[in-house]
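So the structure is just underneath, and the comments pick up after that.
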Amino acid sequence: MMSKSDKRVSEEQVLNALRKVIDPDLHRDVVSLGMIKDLKIENDTVSFTFELTTPACPLKDQLTKAVHDAASSVPGVKKVNVKQTAKVKKDTRIELKLNAPIRNVIAVSSGKGGVGKSTVAVNLALALNKWGAKVGIMDADVYGPNVNIMLGVNGTPRVENKKIVPMHTYGIQIMSLGFLVPPGEAILWRGPMLHNAVKQFLEDVRWEEMDYLVVDLPPGTGDAHMSLAQLIPISGGVVVTTPQTVALADSTRAVTAFKKLKVPVLGIIENMSGNVFGEGGGELASQELGVPFLGRIGLNPKIRVGGDTGRPIVFSDPESEAAKTFLDLAAKVASELSRLNAERPEPSAEEKLASMKLNVGPGAG
Ligand SMILES: Nc1ncnc2c1ncn2[C@@H]1O[C@H](COP(=O)(O)OP(=O)(O)O)[C@@H](O)[C@H]1O
Ligand SMILES: [Mg+2]
């Protein structure tokens, strides 16, 4: 005998209800975005996996509640089980240039040195890791590699089966030009040597699978910078600036350099805001350049001490304003990369062909 409660719930009904949930970053419904996986309907119970495009999503619990409620609203459904997961989409252009298990590359750049580029790169990497992403950091700053010091990592990486094993710290993988240079000693990298070092860091390192590789680029927009940036497949660029109005010219050059390389600019971050340097230059620059403003980090002695002692602020003082800003920055960057990856068409035949040429011989760089 069929009673009302025996009424079969169809997959179609559940999916139609779920289509009403729109991802706020990607502006599309969760069904067409492929975020609903393993949908099962057993009598009056609906179960599925809800797969976010990044774990660095501040709205993940709200969104999960929204899909739960949407499925519950279907007539005849009594119970809904949602399993929340995240799988970071990959930048499909990376594999054209690179043979490494890296889904996205975030380059951190600045118009000049000393503005806190490495500080931002290190804390951004740690913040992404805190959100639950798999992260690596690569220090490509030829002029003053110090990411290893900021992360408190000493020594030289091991070589196993002709592959360099990256160092690990705070849950992230790290390779730094600083591993090759004795502390305090400057070495003059000639073009081809630098080119080879960076290529090795990308390809001859046994990177473990990672969602985001953060690269600390050399400051400025000179030749070294440009040829490096061309060598690395960059998914998105972050520009660090100080607040003074004079910094505007520097950040403009850094943004223009990314644009010239067709690298999407994820945004500008203003560092060292406060009494001495003032405030607002970064925001002004982002407005004038038409790129997002990602946030502001105050001038804070704890940040410097954290860098000097290998205990970055995101870890040493997680409740601080700065740590929270870095977490927020990480979420913004991750969301923008999700959007870019969702919208990016598959590489064209032409791009694939170009990449084959690129992989043969040293090329023009
Ligand atoms: N917001 C900040 N407040 C205080 N000191 C900072 C801040 N950001 C960076 N620093 C310090 O300023 C110095 C330069 O920062 P660094 O990240 O090495 O700059 P860059 O990589 O641009 O040359 C370092 O000693 C660092 O610890
Ligand atoms: Mg630096």
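The values are calculated or read from the model by the stated rules, or taken from the named source; none is laboratory data. Bear in mind that the values here come from a model prediction, so they are computed numbers and not experimental data. Cβ: placed from backbone, ideal geometry, glycine included. Neighbour counts: every protein chain shown. Note: areas computed on protein heavy atoms with side chains; ligands, DNA, RNA excluded. Shrake-Rupley method; radii C 1.70, N 1.55, O 1.52, S 1.80 Å.
Details
- Some residue of the range 116-137 being among the polar types (S, T, N, Q), touching a Pro at 6+ places or on another chain (Cβ under 7 Å) and at pLDDT 95 or above: yes
- As for the range 46-65, it holds at least one residue that is part of a loop (DSSP other than H, G, I, E, B), within 23 Å of residue 331 (Cβ to Cβ), touching a Phe, Trp or Tyr at 6+ places or on another chain (Cβ under 7 Å) and touching a residue at least 60 places away in the same chain (Cβ under 8 Å).
- All positions within the range 196-222 that are modelled with pLDDT of 90 or more, of a type outside the set (A, V, I, L, M, F, W, C) and within 16 Å of ligand 1 (Cβ to nearest atom): 216
- Lone unmet requirement of (1) more than 16 Å from ligand 2 (Cβ to nearest atom); (2) not in a strand (DSSP E or B) for residue 267: (2)
- Some residue of the range 226-234 being modelled with pLDDT of 90 or more and not acidic (Asp, Glu): yes
- Verdict on residue 181 being farther than 26 Å from residue 241 by Cα, within 16 Å of ligand 2 (Cβ to nearest atom) and either open to solvent by 10 Å² or more (accessible area, probe 1.4 Å) or without any contact (Cβ under 8 Å) to a residue 40 or more places away in the chain (or both): yes
- Qualifying residue in the range 118-140 (condition: more than 16 Å from ligand 2 (Cβ to nearest atom), without any contact (Cβ under 8 Å) to a residue 60 or more places away in the chain and closer than 26 Å to residue 226 by Cβ): no
- Some residue of the range 117-131 being of a type outside the set (D, E, K, R) and surrounded by fewer than 19 Cβ atoms within 10 Å (Cβ to Cβ): no
- Among (1) more than 9 Å from ligand 1 (Cβ to nearest atom); (2) touching a residue at least 24 places away in the same chain (Cβ under 8 Å), the one test that residue 113 misses: (1)
- Residues located in the range 13-31, provided they are modelled with pLDDT under 95 and either open to solvent by 40 Å² or more (accessible area, probe 1.4 Å) or in contact with a His (Cβ under 9 Å, 6 or more places away or on another chain) (or both): 24, 25, 27, 28
- Among the candidates 346, 351, 321, residue that is over 27 Å from residue 103 (Cβ atoms), at pLDDT below 95 and not hydrophobic (A, V, I, L, M, F, W, C): 321
- Count - residues of the range 204-244 that are in a helix (DSSP H, G or I) and in contact with a Leu (Cβ under 7 Å, 6 or more places away or on another chain): 5
- Of all residues in the range 255-282, exactly one satisfies the criterion of being surrounded by 17 or more Cβ atoms within 10 Å (Cβ to Cβ) and of a type in the set (D, E, K, R), namely 270.
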